[in-house]
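The values are calculated or read from the model by the stated rules, or taken from the named source; none is laboratory data. Since the model is a prediction, treat every value here as computed from it, not as a measurement. Cβ: placed from backbone, ideal geometry, glycine included. Neighbour counts: every protein chain shown.
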Amino acid sequence: MLGECHAHMIMDGINYKNAVARHQDGVCEEAVREHLRQCKDAGIRFVRDGGDAKGVSKFARSLAPEYGIDYLTPLFAIHKKGHYGGIVGHSYDSHEEYRALVRRAKEEGADFIKIMVSGLLDFGRAGVLSEEGLDREEIRYMIETAHDAGMAVMAHCNGDQTCRYTLEAGVDSLEHGFFMEEETLALLAEKQTPWFPTLAPVGNLSGCGRFPEEEVQKNLHMQMDRIKKAASLHACIGLGSDAGAYLVPHGKGTEDEYKYLKQAGVPEETLLLAQSRVQKRFRR
Ligand SMILES: [Zn+2]
């Protein structure tokens with residue numbers, strides 16, 4: 001089984017609020033062990049976390065060897081105040097505050113830096129994002145500052161323009177990357193930046209009744225088409241399910257993502273290559 005390159009150990013794939021509440025008075029060991037066990041049972045030997053604000057992924061990393069899992073984490077994700085990202089990390093306002101968060105992550109033992117540079121999908125309206133992405137200069141500043149501190153950068157990023165800015169600025173892995181257009185896909189392929197298209201959080205909504213089915217299918221097929229296009233350009237596409245997200249439980253979510261990627265025609269060797277690049281690059 002391949003590794004899981006984008007998971008959130010703090011979430012359970014069922015109910016975000018309840019999952020987070022379990023860690024209200026400090027990290028709940030039982031919850032972390034449950035999720036690590038689910039990964040292990042699915043044959044997963046590598047997990048890269050996308051961060052959380054409660055120290056859950058840091059604790060998970062300390063237990064992971066017991067489950068035979070190589071575990072990397074940014075500890076928390078960093079987002080700009082007033083923008084999306086509070087559910088997985090901390091915010092900054094000034095560049096000084098951003099630098100302080102990068103320093104803090106490093107001092108507390110982060111393996112890499114996770115940044116949030118765009119909104120998330122509006123699952124009920126295909127092709128729509130919850131907000132505009134950050135501007136070009138801001139994204140460049142975030143990535144360069146982390147690189148200057150000797151840290152690799154994983155970026156939560158959606159939207160054609162925001163993805164292009166992020167790739168141009170030299171991000172080390174692109175997460176989600178919904179709605180990239182041809183030119184951006186060509187840049188992705190040219191740069192060989194590992195891309196984790198996270199199909200499971202969209203595809204697994206099918207039939208759940210929470211969102212209009214037609215919109216779910218449209219989002220899923222849009223992303224599938226872009227993956228096919230990227231694969232034909234030999235882009236570096238990898239397996240990261242956003243495990244922990246709604247209807248994407250640990251273990252099973254990774255298996256689901258694998259099926260979607262196969263359906264999109266991504267060769268096994270490509271997935272392996274993306275994972276090995278991540279395992280190398282994102283370790284401090
Ligand atoms: Zn995520």
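Considering the conditions (1) away from the ligand (no atom under 14 Å from the Cβ); (2) in a helix (DSSP H, G or I); (3) surrounded by 14 or more Cβ atoms within 10 Å (Cβ to Cβ), Ala19 is excluded by exactly one of them, (1). Residues that are at pLDDT 95 or above, in contact with a Cys (Cβ under 7 Å, 6 or more places away or on another chain), within 23 Å of Ser130 (Cβ to Cβ) and not acidic (Asp, Glu) do not occur anywhere in the range 41-57.
Within the range 222-254, restricting attention to residues that are under 19 Å from Gln279 (Cα atoms) and of a type in the set (A, V, I, L, M), the residue that is nearest to the ligand (Cβ to nearest atom) is Ala243. Pro267 satisfies every condition listed in (1) more than 20 Å from Ala126 (Cα to Cα); (2) surrounded by 17 or more Cβ atoms within 10 Å (Cβ to Cβ) except (2). For His147, the conditions (1) out of contact with any helix residue (DSSP H, G or I) (no Cβ under 9 Å at 6 or more places or on another chain); (2) within 16 Å of the ligand (Cβ to nearest atom); (3) of a type outside the set (Phe, Trp, Tyr); (4) more than 19 Å from Ala264 (Cβ to Cβ) are fulfilled apart from (2). Go through (1) free of Cβ contacts under 8 Å to residues at least 24 places away in the same chain; (2) under 30 Å from Glu34 (Cβ atoms); (3) of a type outside the set (Lys, Arg) and name the single condition Glu213 misses. Every listed condition holds for Glu213 apart from (2). Of all residues in the range 121-139, none are within 17 Å of Gly51 (Cβ to Cβ) and of a type in the set (Val, Ile, Thr). State whether the residues of the range 243-260 include one that is in a helix (DSSP H, G or I), surrounded by fewer than 23 Cβ atoms within 10 Å (Cβ to Cβ) and among the aliphatic types (A, V, I, L, M). No - not one qualifying residue is present in the range 243-260.
Tallying residues that are under 30 Å from Val20 (Cα atoms) and of a type in the set (A, V, I, L, M, F, W, C) within the range 238-273 yields 6. Candidates in the range 76-109 are the residues that are among the basic types (Lys, Arg) and in contact with a Phe, Trp or Tyr (Cβ under 7 Å, 6 or more places away or on another chain); of these, the one that is farthest from Gly133 (Cα to Cα) is Lys81. Going through (1) within 16 Å of the ligand (Cβ to nearest atom); (2) of a type outside the set (Ser, Thr, Tyr); (3) farther than 19 Å from Phe196 by Cα one by one, Ala77 falls short only on (3). Residues being outside any loop (DSSP other than H, G, I, E, B) and under 13 Å from the mean Cα position of the chain (by Cα): count how many of those fall in the range 111-131. Going through the range 111-131 one residue at a time, the tally reaches 4. Can you tell me which condition Arg103 does not meet? The list is (1) of a type outside the set (Val, Ile, Thr); (2) touching an Asp or Glu at 6+ places or on another chain (Cβ under 9 Å); (3) in a helix (DSSP H, G or I), and all the others hold. That leaves (2) as the condition not met. Each residue in the range 196-210 was checked for being in contact (Cβ under 8 Å) with a residue 40 or more places away in the chain and away from the ligand (no atom under 16 Å from the Cβ), and 1 pass. Set side by side, the residues Glu183, Glu257, Glu213 differ, and just one is within 16 Å of the ligand (Cβ to nearest atom) and of a type outside the set (Phe, Trp, Tyr), which is Glu257. Thr193: touching a residue at least 12 places away in the same chain (Cβ under 8 Å), buried (at least 24 other Cβ atoms within 10 Å of the Cβ) and farther than 15 Å from Leu2 by Cβ, yes or no? Considered against the rule, which asks whether it is touching a residue at least 12 places away in the same chain (Cβ under 8 Å), buried (at least 24 other Cβ atoms within 10 Å of the Cβ) and farther than 15 Å from Leu2 by Cβ, Thr193 comes out as no.
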